[in-house]
Amino acid sequence: MDICRTAALSEMSKNMNPKSASALVWASVFVTFLGLSVMSPGAQFLSYIVAAALAIAPAFFSSKKSRVAGGVMLAISLAFAYHGYPAFKKEGEDYRNRVEVVSAQSHAQQEKK
């Protein structure tokens, strides 16, 4: 009896609820479009990573139709994240440089007083 229950549970864990898979795919689509509409490279990169995370479960654990849609969204969001990473990295470096300049200026002003 335990073997039958284990087999049934393992079969259930392979397939998601179709409504859940569809909702995750559509959420991934929405977050990807949100990333396309945001101007900040950091926000774009983050939204593409979130979209990829939303698409992972349907891409691997859902029915065939949702699996294909999840796989497509996973590939698209990862491609956008890969393409946007250099701008994200440059934005971070520019921010660090601005902070260093402002910090040095404020430190110099405090020493004058």
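The values are calculated or read from the model by the stated rules, or taken from the named source; none is laboratory data. Nothing here was measured: the structure is a model prediction, and the numbers come from that model. Don't worry about glycine lacking a Cβ; one is built from the backbone with ideal geometry, like all the others, and counts go over all protein chains shown.
The lone criterion from (1) more than 26 Å from P18 (Cα to Cα); (2) modelled with pLDDT of 95 or more left unmet by V101 is number (2).
Of all the listed residues (F61, F80), the sole one being touching a helix residue (DSSP H, G or I) at 6+ places or on another chain (Cβ under 6 Å) and aromatic (F, W, Y) is F80. Condition first: of a type in the set (G, A, S), surrounded by fewer than 22 Cβ atoms within 10 Å (Cβ to Cβ) and assigned to a loop (DSSP other than H, G, I, E, B). Now tell me which residues in segment 30-74 satisfy that. Result: S40, S63.
Looking only at residues of segment 32-64 that are over 26 Å from K89 (Cα atoms) and free of Cβ contacts under 8 Å to residues at least 24 places away in the same chain, we find that the one that is nearest to the chain's Cα centre (by Cα) is A59.
Looking at this structure, is G84 touching a residue at least 12 places away in the same chain (Cβ under 8 Å) and under 26 Å from A21 (Cα atoms)? Answer is no for this residue.
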